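Notes for the one structure printed next.
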Amino acid sequence: MPKSSPLFDFHLLLLLTVISVAGAWPITQQFKEAPQFYNSLSCPKIAGEDKDGFLCSDQAVHVAMTLDSAYIRGSMAAILSVLQHSSCPQNVAFHFVASATANASLLRAAISSSFPYLHFQVYAFDDSSVSRLISTSIRSALDCPLNYARSYLADILPSCVNRVVYLDSDLVLVDDIAKLSATQLGDHSVLAAPEYCNANFTYYFTPTFWSNPILSLTFANRKACYFNTGVMVIDLDRWRQGDYTKKIEEWMEIQKIMRIYELGSLPPFLLVFAGNIVPVEHRWNQHGLGGDNFRGLCRDLHPGPASLLHWSGKGKPWARLDANRPCPLDALWAPYDLLQMPFTLDS
C-alpha cells in the first residue's frame, strides 16, 4: 500500500478535527498503519474467498468488539495484539458493533487506515433497543448503551456466524486467539469464560435481591461463580435457539422496578449464565488491571500465567500514560499503542 505524504496526513487530521467540532464523530486522534501479519503454512486457506464468504466461514476465527470514539485507541491496540500473536492472522474476521448514531464511514476509514488488509465489518447497534432498560450504575461510563451490545450479538451479526469470541476494547492478547476460540462448549453450554468461584458473589446484587426469596432462588441448584463479560466465547446458534437476549432483558426490566444490582451490564449476564458456563483458564482474562470502579488504583497481575491482559475498571492505560501517571503494568499495553501524536509529521 503506498505511504501517504506528511502533508496529506496533516490535512487528514485537520479535516477529522473539523468534523469533530461539527459533531459528526469526535475523532481527534490519528493512528499509524500496523504491520501486516501472515499465516503460517499450516493455516486453512480461506483468504481467497470474497468478503461475505470470509465473514461467514467456519474456518475463520470470529472476533466481536464494540467500536466507538471514546475507546478507539484501545480497540486499535487490541486488534494489533490479536493479529501479532495469532498463528493464522489472515484467518481472523472482526465484527465491530457501533452505535447507529456514530459515523460508520469514519469508523471504517479509521480501521482500514491502520489495518488495510483486515477482514472486518461494522454493524449498527440501535441504542434505543436497550436505552429504555438501562438503570444508572455506580460509574456513568457503564451506562453507555453500547456496553449492552454484547447481549445482542446473536441478532446483530449475520446468522451464518455460529461462534464468536467477544472482546472488550481495553485489553491486549499475548497468546494465540485461536486457542481461546477452540474452547469446547460441550453439548449444551452457550458460553465459556474464566470464572472466579472465590469471589464474594453476593456483592454483585443488592439486599433487595437477596431478601426476596423468589429472586434469590434464581441461583438455587447452581454453583454461581463470578465471570467477567469482557472475554467470552459464545455459541451464537445456541444463544438464538434459547432466546437469551430476551432472558437478559427480562432481568433488566425487573431492575427498573426494584433495584437488584448496581453494576451495569454485568449482573444480568450473571443472573442468566452464572453456574452454567464452561470455565476457561484464568490466563485468558487477567482482568481488573484498571483498578476498581471508583478510584482506578494500580493493581498487580493475578498469580499464574497470562494470555490476555484486561484493564477492566476505571483506569485505562492510554489515559494514565497521557497523564504521565502510568501504573507499572501499563508498560505492557504501550507496545500495542498505534497512536500517532497530533501534528507530528514523519520525516
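Tabulated results
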read-out	value
Selection from the range 110-132 of residues that are touching a strand residue (DSSP E or B) at 6+ places or on another chain (Cβ under 7 Å), in a loop (DSSP other than H, G, I, E, B) and at pLDDT 95 or above	Leu118
Top-ranked residue in the range 285-321 [being open to solvent by 20 Å² or more (accessible area, probe 1.4 Å) and among the hydrophobic types (A, V, I, L, M, F, W, C); ranked as farthest from Glu249 (Cα to Cα)]	Leu321
One residue from Gln241, Gln255, Gln184 being within 23 Å of Phe54 (Cα to Cα) and polar (S, T, N, Q)	Gln184
Residue that is nearest to Val164 (Cα to Cα), among those in the range 221-243 that are at pLDDT 95 or above and charged (D, E, K, R)	Asp235
Residue match in the range 221-229 (condition: of a type in the set (S, T, N, Q), in a helix (DSSP H, G or I) and surrounded by fewer than 20 Cβ atoms within 10 Å (Cβ to Cβ))	no
Which listed residue is open to solvent by 30 Å² or more (accessible area, probe 1.4 Å), among the basic types (Lys, Arg) and either under 14 Å from Asn103 (Cα atoms) or modelled with pLDDT of 95 or more (or both), from Lys51, Lys32	Lys32
Residues of the range 194-220 satisfying the condition of being outside any helix (DSSP H, G or I), more than 17 Å from Val272 (Cβ to Cβ) and either of a type in the set (Ser, Thr, Tyr) or modelled with pLDDT under 95 (or both)	Tyr196, Cys197, Asn198, Ala199, Asn200, Thr206
Residue match in the range 273-284 (condition: within 17 Å of Phe201 (Cβ to Cβ), open to solvent by less than 20 Å² (accessible area, probe 1.4 Å) and in a helix (DSSP H, G or I))	yes
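Yes/no matrix, rows are residues, columns are (1) in contact with a Ser or Thr (Cβ under 9 Å, 6 or more places away or on another chain); (2) in a helix (DSSP H, G or I); (3) open to solvent by 30 Å² or more (accessible area, probe 1.4 Å); (4) at pLDDT 95 or above:
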| residue | (1), (2), (3), (4) |
| --- | --- |
| Ile134 | yes, no, no, no |
| Arg150 | yes, yes, no, yes |
| Ala154 | yes, yes, no, yes |
| Val165 | yes, no, no, yes |
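The values are calculated or read from the model by the stated rules, or taken from the named source; none is laboratory data. Just so it is clear, the structure is predicted and the values come from calculations on it, not from any experiment. Please note: Cβ atoms are built from the backbone with ideal geometry, for glycine as well, and neighbour counts cover all protein chains shown. Note: accessible area is taken over every heavy atom of the protein model, side chains too, but ligands, DNA and RNA are not part of it. Shrake-Rupley method; radii C 1.70, N 1.55, O 1.52, S 1.80 Å.
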